[in-house]
Amino acid sequence: MEFSESRRGRTADHLRSERILPNRSAMRTLPGLIWSNCRMRKISVTLRVSGDKLDPDSITQITGLSPTKKFKAGDQSAQHGRAASLVKKYGYWGFTVESEDVSQLSHVIRDILSRTPADLTDLSKAQDGLVDLFVGMFDIRDQSTCELEADVMRELGSRQWPIVFDMYIE
């Protein structure tokens, strides 16, 4: 999370008092990253590999997974409401797993980790590729917990995969 200049240098307690960070009482004290006091209807976790020279078929061969979405640089795609199609400027390969049970976030990520080679980052770098994990959280409400367990964070760290959270609030 980036803060504007006016928020830099303030303490965590000060940010909590301004409701920028949650109160400590709202968070459990287990190891790992935990969201508390939020209810979500669905999570979507996508392993994404992208790069200017990326050949998505090679990522399919490396992982043995059928991508949910893929394209190469130079491919054309139609856009809603536009007569002309857009030319893709980079290659992309994505594998998505969704769950209606948001308490299964760590399980879903573990599943993706277990199905992909640990050296995927190195293999994708040969094609100027970047790897990350995208987590979409949909219909956020109140009074639920979503947890990313410490062992999952360690494994993501060992693979050097950034994790991107996108929260869709109802």
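Remarks
- Proximal lysines to K88, defined as alpha-carbon separation beneath 23 angstrom and excluding residues fewer than eight positions away on the same chain: K53, K69, K70, K72, K125
- Residue-count net charge about F95 - beta-carbon cut-off 15 Å; Lys, Arg +1, Asp, Glu -1: +2
- Model label points for L130 and I169, set 7 angstrom from Cα along the Cα-to-Cβ axis, are 2.6 nm apart.
- Estimated FRET transfer efficiency (D55, H107; beta-carbon r; R0 30 Å; 0.05): 0.45
- Taking 0.36 nm per residue of separation and subtracting the current Cα-Cα distance, fully stretching the chain between E98 and M153 would add 17.9 nm.
The numbers here are math on the coordinates, done by the rules we state, and not lab data. Since the structure is predicted, the reported quantities are computational estimates derived from the model, not experimental observations. Reconstructed Cβ throughout: ideal geometry from the backbone, glycine too, with neighbour counts over all protein chains shown.
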